[in-house]
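Structure first, commentary second.
The values are calculated or read from the model by the stated rules, or taken from the named source; none is laboratory data. Every value quoted in this text rests on a predicted model; they were computed, and no experiment measured them. Every residue, glycine as well, gets a Cβ built from its backbone with ideal geometry; the counts of neighbours run over all protein chains shown. Ligands, DNA and RNA are excluded from the accessible area calculation, which covers all protein heavy atoms including side chains. Shrake-Rupley method; radii C 1.70, N 1.55, O 1.52, S 1.80 Å.
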Amino acid sequence: MDQALFEQVYDSVVKRESTYDGVYYTAVLTTHIVCRPSCRARTPKAGNVVFYGSLQEATRAGFRPCKRCRPEEGGRLRPDAVLAAQADAVMAERYGEKLTLQSLAEQLKVSPFHLQRTYKRVTGQSPAARLDQLRLEKASGLLADTGLAIAEVGKAVSFQGPSHFTAWFARKTGLAPTEYRKEFKGGIQHDPDTQDH
């Protein structure tokens, strides 16, 4: 499993979301127990987790099913949830590129209509809404934690022009990128767009 997908699935374990139930199984190395990703038991550290694509694989590797979440009692929309998980992994890796429903569907070898309908049924939102969410999380993090110029932050999340990025960010958060940065840097008057530092 590649790192982007691992992080995506592990994030659902931390949040105890059922998105990947029946798609992946969380095997905990320290307890030798295998759970559903949504299990309510204490969240294991990422370093102690291995994800398996089937319960059989996990039990063959020596893990026993959790008595709390009972992973052996079937999952949800297995093939649909796999497709949604694959779409999530591609978006997590390529949010900085110009990614359309068409290009995402082509990469996953399905029709855009099928991807849109399936993804929405599994996750409750469209791929475009999820991509927007990812870009906003990344942009907010870069504004709060780095001194990158606004234009650079915009580019990192796929916007070619700073004005387009600024308008989008303000629409999503109610704050212009510079205002957002000032709030999160504790009011430090630091303008990354000036080159005198």
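Exactly one residue out of PRO37, PRO44, PRO112, PRO71 is over 26 Å from LEU131 (Cβ atoms), open to solvent by less than 50 Å² (accessible area, probe 1.4 Å) and in contact with a helix residue (DSSP H, G or I) (Cβ under 7 Å, 6 or more places away or on another chain), and it is PRO71.
Is it the case that some residue within the range 147-157 is closer than 13 Å to MET91 by Cα, in a helix (DSSP H, G or I) and touching a residue at least 40 places away in the same chain (Cβ under 8 Å)?
Residues of the range 147-157 that are closer than 13 Å to MET91 by Cα, as a first pass: 157.
From what's left, in a helix (DSSP H, G or I): none.
Looking for residues that are closer than 13 Å to MET91 by Cα, in a helix (DSSP H, G or I) and touching a residue at least 40 places away in the same chain (Cβ under 8 Å), one finds none in the range 147-157, hence no.
The sole residue among ALA87, ALA139, ALA81 that is assigned to a helix (DSSP H, G or I), over 29 Å from CYS39 (Cβ atoms), touching a residue at least 12 places away in the same chain (Cβ under 8 Å) and in contact with a helix residue (DSSP H, G or I) (Cβ under 6 Å, 6 or more places away or on another chain) is ALA139.
For residues in the range 158-181 being touching a residue at least 40 places away in the same chain (Cβ under 8 Å) and closer than 29 Å to GLN86 by Cα, which is least open to solvent (accessible area, probe 1.4 Å)?
Looking at residues that are touching a residue at least 40 places away in the same chain (Cβ under 8 Å) and closer than 29 Å to GLN86 by Cα, I get SER158.
Of the residues making up the range 1-26, just one is under 17 Å from GLU57 (Cα atoms) and free of Cβ contacts under 8 Å to residues at least 40 places away in the same chain, namely THR26. Looking only at residues in the range 109-123 that are closer than 23 Å to GLU17 by Cα and of a type in the set (A, V, I, L, M, F, W, C), the one that is modelled with the lowest pLDDT is VAL122. Is it the case that some residue within the range 102-113 is free of Cβ contacts under 8 Å to residues at least 40 places away in the same chain, charged (D, E, K, R), in contact with a strand residue (DSSP E or B) (Cβ under 6 Å, 6 or more places away or on another chain) and in a helix (DSSP H, G or I)? The answer is no; no qualifying residue exists.
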